[in-house]
Amino acid sequence: MNAVMIAIIEPQPIWYLMLSALLFSIGAFGVLVRRNPLIMFMCIELMLNAVNLSFVAFSRIWGDIGGQSTVFFVLVVAAAEVVVGLGIIVSILRRKPGATADDISLMKG
Amino acid sequence: MLTDHNWILTVGVFLPLAGVLIMLFIPKEEESLNKAIAIITAAVTLAVGIATMAWFKYGSDSSKLQFHVDVAWIPAIKSRYIIGLDGVSMPLYILSMVITLLVMIYSWDHIPEPGNAKAFMILMLILQTGMAGTFVAQDLILFFVFFEVVLLPMYFMIGVWGGEQRQYASLKFFLYTMFGSALMLVAFLALFFQTGAQSFSLEYLYAHSSMISTNVAVWIFAGMFVGFAVKVPMFPFHTWLPDAHTQAPTQGSVILAAILLKLGTYGFIRIAIPTLPQAAVKWAPVIGVLAVIGIIYGALGCLAQTDMKRLIAFSSVAHMGFVMLGISTLTQFGINAAVYGMVAHGLITGMLFFLAGSIKNRYHTLEIAKMGGILKRIPRLGWILGMCAMASLGLPGLAGFWGEFPAILSAYSPFHNDYVHLSQPLFRTLMVIAAIGTVLAAGYLLWMFQRVAFGEASPLIAGDVDADGNDLHAGAHAGDHAGDHLVGERGHGAVPFSVGAAGNADPHAEVHDVGIFEWIAWTPLLIGIVVLGAYPDLMFKVLNGSVTKLLAPVQALTGK
Amino acid sequence: MLSTLLASDVVAPFSSPKIDYHALAPELVLAGVIVAVLLADLFLEESKKWVLSTIAGFGLLAAFIPIVTLAVSGHRARSMFGGAYVVDTYSLLVKGIFLLAGYVVVLLSQNYLEEGDYYQGEYYFLLLSSILGMVMMGSSRDLVTIFVSLEFLSIPAYMLAAWRKRDLKSNEAGTKYYLLGVFASAVMLYGMSLLYGDTGTTILKGIGAKLQNGSMSPVAVLGIVFVIIGFAFKVSAVPFHNWAPDTYQGAPTPITAFLSVASKAAGFVALINLIYVAFPHGGDVFQPMIGVMAASTMTLGNVMALRQTNIVRMLAYSSISQGGFILMPLAVAGGKSSGNALTAIVTYLAVYAATNLGLFAVIIAVSRKTRSGEVSSWGGLFSYAPLLGVLATAFLASLAGIPPLGGWVAKFGAFRAVITSGTNWGYALAIVGAVNSVIAFGYYGSLMREIWMKPVPDGDTAPIRTPSSLNAALMICGGATLALGVVPGIILRFSDIIKL
């Protein structure tokens, strides 16, 4: 009985996976419903971090270093994306202050 | 046994492209030079064709593929460059060359609006390569490529040089044909796959047709059927034809009627039936019924037309119905008649479209009601029209008869062997209905001829009013104007050769009779109509062996 | 103390990976050229910036040389980094396509940039970086290398799409491309993490060995689905295509050409790598998904293209629909026509690259005169610029799949692949494809109609002067389009022997 309690209380890798799935869903949901480009962008970052968490958790389960090293690649790439993304978003906000994703629709059809 | 001259087909097919290559380097302002090069190219191509005819082995060898070439083309998809000529291909192959040359000669003084002889001639040369190639290809993929090559040139020919509704007509033509050929390609691939994915060579496919189960074969045949039937065109797929014909320039109509429609019927004979005999037997009644509907529908359509070109177009639907009826019997007799009908229809309907174009050139209208008394005004043209109308309705002694009559007769006893047979009552009923179709044909053609040719020259033809009915004498310069107006409003399109002095006030001198380039272009066709009518064996002898061979897979059916 | 630490075998001794420099030569040459462009840009004065495009062009051709030497040195696959990076016949072929397509894009960009007063050095730097990413994608056989290559090719492309930074349309193009691109990457990465979680390895071969039909865990299924969705964004497959038309319309035209050809091709290459190496036994999962996607992509792309009046936007939808045709063979990959499907896709990519780049070259040439992107601005093109008119017709006919131009070989291959799968829904896909190739002529034909049958809109029939680089691009693409159609062997002999 006691051992079972401990097993439940002690964080299991599966918990991290659930958290990761939750974060990913929140992020994806945010991208789909929010209209401010910056917030959308932050939501995407949340998704990427959910991925990182998931990689680390799986890495732990398998006792394999591959997943953890992947996280570094993701981190570095995400940093590069931030730089580019902020540049693009700033350039549009500078021309249209307070623009939302709905405003950015010159082209249709 | 086969001749050593097997290079000659390749030369015959691709020579027109050499002409195109030369013309690309000549500025388009050099109209005469461009036309001359195109005509010379077509003439040399025909010379090669005649040499082919001379070297062709007749008699029992005519059933074999001659001038056979088989070299690697696209090894990765097992498609080879296989070409060859047998008795069925030969007449059509030569016909395509003859028609192209004649159409080009006719074009010398009949380039339709908006001009640009260079582009017009180049398109015709490309068409020629596609048509000739289709008739000699012995590999499905090669056949498909040639079959498609003709699409774009014809699209532009109708769309650029056509009449008022040209853009609509050209697009309709294109979409219909493309729809057919897309399904056809799928069917070819399915056939390839079902026969073991070994080869696209027709010879291989003929030999391995029994590998396909009948259920599958029926579906594959359906794909081919749509592809070829659109081109023929058969009854439910025919609606593009009247539009295309009416809007196309004369040259386009002639090529379309004389050759392009035959690509479809040829496809049935060469590909669909021998590669899928088990499905052909199942489909034959459907084809037969649609063919007869086409005959009656085309004839009734003709009776409703007021435009001469549209009438000829509908008569094409009816005539191709006879051809398809012959094919649907799956008998040697019927298919011989069908091929004969194809050639005869090519000569006659091609000629009728020439005449319609020339009449339009002179009168700027093709409304039958507005014409009359052509025989009085331009007797030679009128008599030629009369002869062609007779040929078209199937008068014995002229070429049309030998296509139509045997085709109807063949339906009396459709295909049967010890295991499989087509429904005799059905085909005999079809025969009777088709016979009624010939009566209708006689009706509409004679009716058309009578209204156009006989009677007093209409005011229009007398030169007093223009096509819109305005009285030309009302204007101050009426006399001068009338002459110009009648002979060549479309600029260089109608340079008169036998016309009286333009601007002559005498209305009876305005409309010129058959001009010299028209004579050159038409005489061979007229001779062909008479010779093939008087001595049909000339062609039946060439055809028969090959037809027997192509039907061998059907004969071998065991009904399993 | 350090020495004792190093000597202890608590930590496994680090063995440096063996690097095959010959196999990496194309990437290394390209990396060198990228640095050269960046440095040259620093020291060149404004009037001499045109040198940069020359460096970039020759650099791409130089990177092509090792591909030839590798190709003639035998068909043995060279595997590096534990199988994460493999140079084989397939990767050489797609790398060759990427480099040549890149070269044509450089030709297209030259005058566009010089006359438009854009930053040239950075432009070529980014373009080459993106091409380097694509070249790497050809060899990637590991989830991480695929991810890195993908970002390597995408991030510069985001910037290139937003290159005209004073133009709101270009900003919009960049923003949409960026947000959806990164979103797709995140989805794909999550799928990758699930695949890793199910199999415990990131090497595609290892994943392929563990995933088996029928006995697949839900985690793996979800992983496959997410990864494919991620790439569906990249190849703008319906329903993940929304970004493509806006991005294509707003981006500078040479970049639109680049995105619609090379970037899309890279997405397909990644999909091929994944499907053929990692999920060869996952047909039950991906085949229906890709099949439905292919059918809806080609149909929706066509239907939308029919109602466009802007040429670039029309071509954007056309490129979506062509993407559907490229997806079609993938829907039967893993079955018995796997080999045919691979041949078909690579052939299609090559033909499509030549044709579409050629068409964009014509668009760039014509808009130099008309300054308009409307379909009607092409009216009567044949009458005053016959060569451009004929070339445009040839490219359009090729896209429509009419022999004897290249497109028919591509379409034929795709049909062949689905039909030789012998399944009923393979036939169904083929019929959908056949019908769509007819619908497509509706808009390709309408462009042809403008060129040949309509009057010149403003009556201005002055001939179009095309700069020599644009002429070169037109000739390369026109020659390739015709040659691929008449003697398809020149591409099929390569695409037929490739294996994964």
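Quick look at the values:
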item: Qualifying residues in the range C:473-500 (those that are more than 13 Å from chain B (Cβ to nearest Cβ) and more than 19 Å from C:S398 (Cα to Cα)) - the one surrounded by the fewest Cβ atoms within 10 Å (Cβ to Cβ); result: C:K499
item: Residues (touching a Pro at 6+ places or on another chain (Cβ under 6 Å) and either under 17 Å from C:F183 (Cα atoms) or among the aromatic types (F, W, Y) (or both)) located in the range A:58-90; result: A:I89
item: Within the range C:448-500, tally of residues that are of a type in the set (S, T, Y) and over 28 Å from C:Y384 (Cβ atoms); result: 1
item: Yes/no for C:K336 being among the basic types (K, R) and either part of a helix (DSSP H, G or I) or in contact with a strand residue (DSSP E or B) (Cβ under 8 Å, 6 or more places away or on another chain) (or both); result: no
item: When residues of the range B:16-36 are limited to those that are assigned to a helix (DSSP H, G or I), hydrophobic (A, V, I, L, M, F, W, C) and in contact (Cβ under 8 Å) with a residue 40 or more places away in the chain, the one surrounded by the fewest Cβ atoms within 10 Å (Cβ to Cβ); result: B:L24
item: Candidate set from the range C:441-467 (those that are within 33 Å of the chain's Cα centre (by Cα) and among the basic types (K, R)); member that is nearest to the other protein chains (Cβ to nearest Cβ); result: C:R449
item: Qualifying residue in the range C:378-387 (condition: among the polar types (S, T, N, Q) and closer than 14 Å to C:K454 by Cβ); result: yes
item: Candidate set from the range C:160-177 (those that are within 7 Å of chain A (Cβ to nearest Cβ), surrounded by fewer than 24 Cβ atoms within 10 Å (Cβ to Cβ) and free of Cβ contacts under 8 Å to residues at least 40 places away in the same chain); member that is nearest to A:V82 (Cα to Cα); result: C:K165
item: Qualifying residue in the range A:71-84 (condition: aliphatic (A, V, I, L, M), more than 7 Å from every other protein chain (Cβ to nearest Cβ), over 22 Å from C:T175 (Cα atoms) and touching a residue at least 40 places away in the same chain (Cβ under 8 Å)); result: no
item: Enumeration of residues in the range A:26-50 that are at the interface with chain C (Cβ under 10 Å from one of its Cβ atoms) and of a type outside the set (A, V, I, L, M, F, W, C); result: A:G27, A:P37, A:E45, A:N49
item: The range B:138-185, residues that are closer than 20 Å to B:A229 by Cβ, among the charged types (D, E, K, R) and either surrounded by 24 or more Cβ atoms within 10 Å (Cβ to Cβ) or within 7 Å of chain C (Cβ to nearest Cβ) (or both); result: B:E148
item: Total residues in the range C:389-403, condition buried (at least 24 other Cβ atoms within 10 Å of the Cβ) and facing another protein chain (nearest Cβ under 9 Å); result: 5
item: Among the candidates C:V221, C:V225, residue that is more than 24 Å from C:G301 (Cβ to Cβ) and more than 13 Å from chain A (Cβ to nearest Cβ); result: C:V221
item: Residues of the range B:106-158 satisfying the condition of being within 21 Å of B:Y81 (Cβ to Cβ) and of a type in the set (F, W, Y); result: B:F135, B:F143, B:F144, B:F146, B:F147
item: Subset of the range C:61-77 that is without any contact (Cβ under 8 Å) to a residue 40 or more places away in the chain and small (G, A, S) - its residue that is surrounded by the fewest Cβ atoms within 10 Å (Cβ to Cβ); result: C:G74
item: Any hit, the range C:188-201, residues being away from chain A (no Cβ under 11 Å) and surrounded by 18 or more Cβ atoms within 10 Å (Cβ to Cβ); result: no
item: Among residues of the range B:413-442, those that are without any contact (Cβ under 8 Å) to a residue 12 or more places away in the chain and in contact with a strand residue (DSSP E or B) (Cβ under 9 Å, 6 or more places away or on another chain), counted; result: 1
item: From the options B:R270, B:R310, residue that is over 30 Å from B:K360 (Cβ atoms), assigned to a helix (DSSP H, G or I) and among the basic types (K, R); result: B:R270
item: Residue ID - nearest to C:T175 (Cα to Cα), chosen from residues in the range A:51-70 that are surrounded by 19 or more Cβ atoms within 10 Å (Cβ to Cβ) and within 7 Å of chain C (Cβ to nearest Cβ); result: A:V51
item: Only one of B:G264, B:G298, B:G321 that is in the same structural domain as B:G130 (by TED's automatic domain parsing), in contact with a Lys or Arg (Cβ under 9 Å, 6 or more places away or on another chain), at pLDDT 90 or above and of a type outside the set (S, T, Y); result: B:G264
item: Search result, residues across the range B:200-257 that are over 23 Å from the mean Cα position of the chain (by Cα), assigned to a helix (DSSP H, G or I) and among the β-branched types (V, I, T); result: B:T214, B:V216, B:V218, B:I220
item: Residue match in the range B:212-226 (condition: crowded, with 24+ Cβ neighbours inside 10 Å, facing chain C (nearest Cβ under 9 Å) and under 28 Å from B:I293 (Cα atoms)); result: yes
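The values are calculated or read from the model by the stated rules, or taken from the named source; none is laboratory data. Remember, predicted model here, so these are calculated numbers, not experimental data. Cβ sites come from the backbone with ideal geometry, for glycine too, and all protein chains shown count toward neighbours.
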